[in-house]
Amino acid sequence: MPRFQFTIHATDGKARRGTIAMQRGEIRTPAFMPVGTAATVKAVKPQDVRASGADILLGNTYHLMLRPTAERVARLGGLHKFMGWDRPILTDSGGYQVMSLSELTKRSEEGVAFASHLDGSRHMMSPERSMEIQRLLGSDIVMAFDELVPTTSTRDVQAKAMERSMRWARRSRAGFDSGEEHAARAALFGIQQGALDEGLRKASADALKDIGFDGYAVGGLAVGEGQEAMFGVLDYAPGQLDEAKPRYLMGVGKPDDIVGAVERGIDMFDCVLPTRSGRTGQAFTRTGPINIRNAKFAEDQGPLDPACACPVCSTWSRAYIHHLVRAGEILGAMLMTEHNLWFYQTLMADLRTAIEEQRLTAFANDFRAKYQAKRD
Ligand SMILES: [Zn+2]
């Protein structure tokens, strides 16, 4: 297997059906990456995550650096061996969590000083430290370290954050390349910033292309700006990035967000929604999400989603899972999460087939009509 090779097999409008070949396996795109924050996709064993159709997982640098620490994971043979997942793993840079979860943050050109949300211990995160942590974890796709500011900030604040992010992208590239053994088998993605401003987005895309990355993320979206504003950016942002490289929309999203983003040329996604929702009683179905805690499911003998082929839907009823979730049984969270992961991966498989067969628009319109037809 090559280090990193992206092949586009078919296009339909702006959408692309591709494959990323890496040493730990192939990633079919458009791809959805389940989030394994603390070296676990919560409530699901790795083999069951794989059975749902996932080719790649996401790990969170910020959480792992604090507990159990990247150095300990490295001593134990790396994140893949530690958690029992031998396929590709993408790690984020830690920047988003450092700037949103931790306390007493102080930003400078060097990086971000912060206090752990767990025990108040002091740490410094910089492009170089982020690259070191992701290398210690043994990440397959490493994300550049960037600076985030709210989309509601002034244009001047946005511009300065984007420009600093591009300087940090260059330092991330150098830091990644200095780990020669790791760099020989892993990939590095740059992150486009610029909030909702087309000119800033273009400048960011050009700066990243000048540095050169294996793939590009559209960053700074899905942070509360709403679907209309996000799609507004996605109408032009993917086209500003190198079309020969994969495009990754970080932190997205709801099923209809994903369908719309694929139509606009996005190849990769991650989101906590299927797993987090599974633990709070929300099940995804092709006719819209349902809250399994609702009393109307107490004696419903049908599956969570009649359109689903997952092991949960072929065995257990809405009534049983309603009982488990209401009773606070651990199995309730496990079954709900497994079903939701299957829902997301089946949607991705259907999107890939629709692109191959040049009928994405019809598929997307049909999906939206059915998905919004009924809300619980
Ligand atoms: Zn199911």
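The values are calculated or read from the model by the stated rules, or taken from the named source; none is laboratory data. The model shown is predicted, which means the values in this text are computed figures rather than measured ones. Ideal geometry is used to build each Cβ from the backbone, glycine not excepted, and the neighbour counts take in all protein chains shown.
The figures follow:
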read-out	value
Pairs with Cβ under 7 Å, 6+ apart, first in region 212-232 and within 22 Å of Gln5 (Cβ to Cβ), second surrounded by 17 or more Cβ atoms within 10 Å (Cβ to Cβ) and among the β-branched types (Val, Ile, Thr)	Ala217/Ile191
Selection count where residues are outside any helix (DSSP H, G or I), polar (S, T, N, Q), touching a residue at least 12 places away in the same chain (Cβ under 8 Å) and farther than 30 Å from Arg87 by Cβ, scope region 150-208	2
Some residue of region 119-141 being of a type in the set (Gly, Ala, Ser), assigned to a loop (DSSP other than H, G, I, E, B) and at pLDDT below 95	yes
Residues of region 116-168 that turn out to be among the polar types (S, T, N, Q) and buried (at least 24 other Cβ atoms within 10 Å of the Cβ), as a count	4
Selection count where residues are buried (at least 19 other Cβ atoms within 10 Å of the Cβ), away from the ligand (no atom under 13 Å from the Cβ) and charged (D, E, K, R), scope region 280-327	0
Residue in region 56-68 that is out of contact with any Ser or Thr (no Cβ under 8 Å at 6 or more places or on another chain), closer than 30 Å to His123 by Cβ and hydroxyl-bearing (Ser, Thr, Tyr) present	no
Criterion: away from the ligand (no atom under 16 Å from the Cβ) and either in contact (Cβ under 8 Å) with a residue 60 or more places away in the chain or closer than 12 Å to Ala15 by Cα (or both) - qualifying residue of Ala349, Ala354	Ala354
Any hit, region 264-272, residues being hydrophobic (A, V, I, L, M, F, W, C), away from the ligand (no atom under 11 Å from the Cβ), surrounded by fewer than 22 Cβ atoms within 10 Å (Cβ to Cβ) and under 19 Å from Lys45 (Cα atoms)	yes
Residues located in region 278-322, provided they are out of contact with any Phe, Trp or Tyr (no Cβ under 7 Å at 6 or more places or on another chain), part of a helix (DSSP H, G or I) and touching a residue at least 24 places away in the same chain (Cβ under 8 Å)	Gly278, Arg279, Phe297, Ile321
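Residues are listed down the side, and each one gets a yes or a no for (1) surrounded by fewer than 17 Cβ atoms within 10 Å (Cβ to Cβ); (2) farther than 14 Å from Leu136 by Cα; (3) touching a Lys or Arg at 6+ places or on another chain (Cβ under 7 Å); (4) touching a residue at least 12 places away in the same chain (Cβ under 8 Å):
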residue	(1), (2), (3), (4)
Gly13	yes, yes, no, yes
Gln23	yes, yes, yes, yes
Val35	no, yes, no, yes
Ala39	no, no, no, yes
Leu64	no, no, no, yes
Thr69	yes, no, no, no
Val73	no, no, no, yes
